[in-house]
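Presented below is the structure to which this report refers.
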Amino acid sequence: MLYDVESVEAYFEALPENRRQAVEHLHQVILDHLPAGFEVGVLGGMINYYVPLSAYPAGYHCTPGEPLPFVALASQKTHIALYHMGIYMDKDLNDWFVSAYQELVPTKLDMGKSCIRMKNPKNIPFELIGDLISRMSMERYISLYEENHRK
């Protein structure tokens, strides 16, 4: 993570050359498929696509006063990480993604609850990531977040 950057452009500039093109391409795919209402910025040293406070004033319970994160993109030490906060709250979406990934990508899926780790930029399924991003509206994400946060 690049904690000292304040803009998406600065994030790209701080990346090592061997990651920049893949991260920029992934960012563009996300932007092209991001449902209406979400905004983009740098939070927590990562590129974030989030529910703005104007749409969800309660913000993120873990970081009061900050917007509710939806997806984050980061260049980590050994991989490019895509954090999709909605995927672990929606079993059907998770199951669809895991299945589709296994059909498209020759390497094993390396995934945590919300983190998809991509070690080889040549194996990033850009179209699949775009499809994943487009499958959850801001309203659906807020609803899932509230259901899961209450538990």
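Bear in mind these aren't lab numbers, they're just calculated from the coordinates by the rules spelled out. None of these values were measured; they are calculated from a predicted model. Please note: Cβ atoms are built from the backbone with ideal geometry, for glycine as well, and neighbour counts cover all protein chains shown.
Numbers below:
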read-out	value
Packing rank of 106-112, 71-77, 22-28, where each peptide gets the mean count of other beta carbons within 10 Å, highest leading	71-77, 22-28, 106-112
Lysine pairs in the chain with Cα atoms under 28 Å, if 8 or more residues apart or on separate chains	13
Dipole in debye (nearest 20) - segment 65-133, about Cα centre, beta carbon charges: Lys, Arg +1; Asp, Glu -1	420 debye
Charge dipole magnitude, Cβ of K and R +1, D and E -1 - segment 8-149, Cα centre, debye nearest 20	520 debye
Hz values of 3J(HN,Hα) by residue in segment 60-74 - Karplus curve (6.51, -1.76, 1.60), Gly and Pro given as x	8, 5, 7, 9, x, x, 9, x, 6, x, 10, 9, 10, 10, 8
Sparsely packed chymotrypsin sites (Phe, Trp or Tyr not before Pro) within segment 1-66, loop by DSSP, other Cβ within 10 Å at most 10	Y3
Farthest toward positive dipole pole in the chain [+1 Lys/Arg, -1 Asp/Glu at C-beta], among S134, H33, G86	G86
MRE, 222 nm, helices only [DSSP H, n ≥ 4, -39500 (n - 2.57), over the chain, to nearest 500]	-12000 deg cm²/dmol
Contour minus Cα-Cα distance for H25 and R117 (0.36 nm per residue)	31.5 nm
Alpha-carbon centroid distance for the pair segment 1-79 / segment 98-151, whole angstrom	15 Å
12 Å cut-off, amide nitrogen to a point 7 angstrom out along D32 Cα→Cβ, residues in segment 94-127	126-127
Segment L53-S137, extension gain: residue separation times 0.36 nm, minus the distance between their alpha carbons	28.6 nm
Dipole axis of segment 1-77 (+1 Lys, Arg; -1 Asp, Glu on Cβ), positive-most option in C62, Y11, P52	C62
Cα-based Kirkwood hydrodynamic radius, segment 8-149, one decimal, Å	15.4 Å
